[in-house]
Structure formats: structure tokens, C-alpha cells
Amino acid sequence: MEFASTVDFAHAARTLSRATRSLGLDAPSFRCPPRLVGIERSIRRRPRGAVVSIRVKNRPLAAVLADMIEGVVVANRLAPPHADGVRTELWSVMTGGAEIQFSKLARSRVVCGAA
């Protein structure tokens with residue numbers, strides 16, 4: 001099992017922020033660790049966006065990425081089916097998978113009625 005490092009976290013934060021903005025969403029700020037002791041992740045809402053805090057130390061990379069992606073969904077207050085599409089697109093970006101079609105997903109956002 002591959003554990004996350006702060007370098008992995010920083011790279012993931014930059015990549016997710018870029019991908020999130022490409023989808024027409026607000027990219028939250030990412031930080032580590034959370035201020036609250038004993039939790040894996042937290043979110044604070046600010047007037048100019050949200051801050052997603054993730055515990056990185058001694059956690060699998062996949063768990064850290066999952067928390068970061070879910071932080072994007074929660075920060076943007078997305079609801080299904082738009083939330084599912086965003087998760088899929090962000091996982092695809094993070095795993096280097098399928099060709100990303102941001103414009104298609106951004107158009108579906110309007111059709112789904114998500115704000």
C-alpha cells in the first residue's frame with residue numbers, strides 16, 4: 001500500500017484545483033493537517049470559498065485523494081447526478097485515465113440545474 005506524502009498532497013491540490021476550475025466550479029483551498037485533532041478531513045466555509053483540510057500522515061494515497069475530491073464536491077454543494085459526474089472526471093484526472101471532456105460536463109451542469 002502506497003502512503004501519501006506532503007509532496008503528493010501538494011501535487012494533487014494543484015492538479016485538482018486546475019481541473020475543478022476547468023469544470024466551471026470553485027476550487028477550494030487545501031491544507032494539512034486539519035485543525036481538529038483526531039479527524040481525517042474537515043471543511044471550513046469562508047466568504048471567498050472553502051478550505052478543505054486533510055490528514056496526510058500515515059494514510060494511503062487513495063484515501064487522501066478521495067477526501068480531496070469529496071471536498072471539492074462538498075465545497076461546491078453539488079447534488080447527484082452532477083456530483084457523480086464531477087467525481088468521475090476528477091478521478092480520471094488524478095489517475096491519468098480517460099480523455100477529459102470538461103466542456104461536455106460543464107454543459108451538463110446547466111442541464112442538471114445544479115448551481
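Laboratory data are not the source of any read-out in this text; all were calculated from the coordinates shown. Every value quoted in this text rests on a predicted model; they were computed, and no experiment measured them. Cβ: placed from backbone, ideal geometry, glycine included. Neighbour counts: every protein chain shown.
What the table below lists for this structure:
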read-out	value
Distance cut-off 23 Å, percentage of C-alpha pairs in the stretch 6-112 lying past it	23
Approximate spin-label separation V74-E40, in nm, with each point projected 7 Å along Cα-to-Cβ	1.1
